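Structure first, commentary second.
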Amino acid sequence: GPHPRLFAGRFPGSETTAPGTWTFDAADLPTGLAQVGYHTVCIGGVGFFNKLTPLGAALPSLFAESHWEPEFGVTDPDSLDNQIDRVAEVMKRLPSTRRLFMLLNVSALHQPNWFYLDGATRDHGDTRDTHAAALRHIDRCIGRLFDLMRRPCFVIICSDHGTAYGEDGHTGHRIGHEVVWTVPYGEFVLS
């Protein structure tokens, strides 16, 4: 059945907007939050955030501030550390009382991720084990992100898709499979 949403653009007839849902009059969440005083920041990881093409500029254009560097991308084993370094720079510039919305697109789960598993090589390729090692790497880094963000803030941290590792004979992410549509996602509020 319908599950109440935490936030939603206001529109008539919504079956999942409940009394506790924060609604806004904008086409997207960053704009809605900006309208009520949040500074909006996007720290991209995958190519959808690189601003090199119209598609790569679409999501970043929704934010007051957006960041993407090759060092944030999928081929850099230190991508999440590099992204968190950028978060630290953003935090230094903002007044401590300024409300913040940050979207952090973690590219470390994306292929290739073989380099997160000790002993794995490019020739071994990506597997469920390397994916699990990438998740462990993210878990080790996430505390540093939390430590940086001790201010009024709302954060969404996510990958851009899941990945198939042999489910129903599929490998990769360019397919319409349930494991691909299951996106690693977390949201939190710190004050």
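The values are calculated or read from the model by the stated rules, or taken from the named source; none is laboratory data. These numbers come from a predicted model, not from an experiment. Neighbour counts run over all protein chains shown; Cβ positions are idealised from the backbone, glycine included. In case anyone asks, the SASA skips ligands and DNA or RNA and just uses the protein heavy atoms, side chains included. Shrake-Rupley method; radii C 1.70, N 1.55, O 1.52, S 1.80 Å.
Some observations on this one:
- Rounded to the nearest whole Hz, the Karplus-based 3J(HN,Hα) values (6.51 cos²θ - 1.76 cosθ + 1.60, θ = phi - 60°) of the range 105-118 follow the sequence 8, 7, 8, 4, 7, 5, 6, x, 9, 4, 6, 8, 9, 3, with x at glycine and proline.
- Accessible surface, the range 86-136, averaged per residue in Å² (probe 1.4 Å): 52 Å²
- Interchain or long-range residues, amide H under 5 Å from residue 40's placed H: 64, 65, 101
- Helix 128-148 axis versus longest C-alpha principal axis of the chain: approximately 40°, rounded to the nearest ten.
- Most to least accessible of 66, 107 (protein chains only, probe 1.4 Å): 66, 107
- Looking at the range 12-86, the pairs of alpha carbons with a distance over 17 Å make up 56% of the total.
- Separation of alpha-carbon centers, the range 115-191 and the range 50-112, rounded to whole Å: 15 Å
- Unit charges on C-beta of K, R, D, E only; dipole of the range 64-104, Debye: 460 debye
- Accessible area of the range 26-135 belonging to carbon and sulfur atoms, whole % at 1.4 Å probe: 55 percent
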